[in-house]
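Enquirer: Sharing a structure with you now.
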Amino acid sequence: MAISMDKALGNLPDHLSVYGKRSTLLASNIANADTPGFKARDVDFRAAFEKASGNQLSLTTTSGKHVKGTIAGAAAGPLYRVPNQPSLDGNTVDTQIEQAEFAENAVRYQATLTFLNSKFNGLKLAIKGQ
Amino acid sequence: MSAESVRLNVTSSNLANAQSVGTSPETTYHARHPVFSAVMKSMQGDAASYGVRVDGIVQSQAPLDQRFQPEHPMANDEGYVFVPNVNLVDEMANMISASRSYQSNVEVLNTSKQLMLATLRLGQS
C-alpha cells in the first residue's frame, strides 16, 4: 500500500495557502491605514477555500447538453470591506478591525501548521514502524 | 513603515521650526505634509498586495501670522516678523498617529516573520 501524500494531508495545504494570501491582504490594509482613498479588502474564506481546493458548488446536470453553472455571488476574489465609519478622505481602513483579523488569521495559520506537523509526525511513525 | 517614518520626520521638522521666524512670507518656513498613495507590490492570482509610497511633500498654503516686533533683528521695514503656519496641536496629533501606525506595521512584520519561520520548520522535530 503506497502512501498518498495528497490524501494524507487532506485539505490542510489549501487552508495554508488561503491564510497566507489573506495575511498579505490584511497587511496591505494595515500599511495603507493613512493613505487617502484606499479601500480595505478582505477575502471570503469559504469561497476562497472552495476555489483553492477545486470543489466549487455547481448545478447538477442530468444530460450532457445541460449548462454547468456555478453559483454566482460566491466570489473567490478579494471583496471590499463595508466601513463602520466612513471617513472624509475616502479611506475605509479601520485599524482595530484589521489588527484583530490579522491576529486571528495568524493564529489560524499557526494552528494549521501544527496540524500539518502532527500529520507529518504520524507519517514518520508509520514509515519507521516503531 | 518607511512612509510612516517619513511622516514622523516631517512632523518633527515642523515642530522644530515652529518658531523660526522670517522677514518675508517667501523666506519663512511653511508647515510640510507628506502625501501617501497606495502602490501595487505584487499580484498572485487575484489577490494583489499593496504597499505605501510617499508621493511627495507639500507645503501648507495657510496664511502666515505677522507679529509686530520692531526690535527683532529679522523684522522688515514696517517692523513685522513672519511666524510659520505650524499648528502645534495638529503636529502632535499627526506624530501620535504616525507612531501608532508604525507600531502596528512592526507588529505585522514580526507576526509574518514568525509564521514564515514556522512554515520553514514544517515537518521537523
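None of the figures in this text is laboratory data; all of them are computed from the coordinates on show. Computed from a predicted model, the values in this text were never measured in an experiment. Here the Cβ positions follow ideal geometry from the backbone for every residue, glycine too, while neighbour counts run over all protein chains shown.
Enquirer: For each of A:F38, A:F115, A:F49, B:F68, count neighbouring Cβ atoms within 10 Å of the residue's Cβ, then give the residues from fewest to most. Present the calculation step by step, with values, prior to reporting the outcome.
Expert: Details: A:F38 22, A:F115 15, A:F49 18, B:F68 10.
Lowest count first: B:F68, A:F115, A:F49, A:F38.
Enquirer: May I ask for the distance between the Cα centers of segment A:105-130 and segment B:40-116, given as a whole number of Å?
Expert: When both Cα centres are located, 47 Å separates them.
Enquirer: Using square roots of five times the C-alpha gyration tensor eigenvalues, list the equivalent-ellipsoid semi-axes of the protein assembly as shown in whole Å, biggest first.
Expert: 55, 23, 12
Enquirer: Then there's this: If R0 is 22 Å, what FRET efficiency do you get for B:I96 and B:V58 from their C-beta distance, rounded to 0.05?
Expert: E between B:I96 and B:V58, to the nearest 0.05, is 0.55.
Enquirer: Taking the Cα-to-Cβ direction at B:S2 and at B:R32 and moving 7 Å from each Cα, how far apart do the two end points lie in nm?
Expert: Each label point is offset 7 Å from its Cα along the Cβ direction, giving 1.7 nm.
Enquirer: Shifting gears a bit: Going down the table (A:K39/A:K65; A:K51/A:K119; A:K7/B:K41; A:K51/B:K41), which pairs top 31 Å between alpha carbons?
Expert: A:K39/A:K65; A:K7/B:K41
Enquirer: Ok, one more. Counting just the Cα atoms, what span does chain B cover along each of its three principal axes? Round to the nearest Å and put the largest first.
Expert: Extents along the principal axes: 79, 29, 18 Å.
Enquirer: When the chain is fully extended, how far beyond the present Cα-Cα distance does B:V39 get from B:M116, taking 0.36 nm per residue of separation?
Expert: Full extension of this stretch gives 25.4 nm more.
Enquirer: Determine by what factor the alpha-carbon radius of gyration of segment B:1-64 differs from 2.2 N^0.38 Å, reporting the quotient.
Expert: It is 1.55.
Enquirer: Quick check: residue separation of B:Q103 and B:Q124 times 0.36 nm, minus the Cα distance between them. What number comes out in nm?
Expert: Value of the extension gain: 4.3 nm.
Enquirer: Roughly what angle does helix B:2-16 make with the longest principal axis of chain B, taking Cα atoms, 0 to 90 degrees, to the nearest 10?
Expert: 20 degrees
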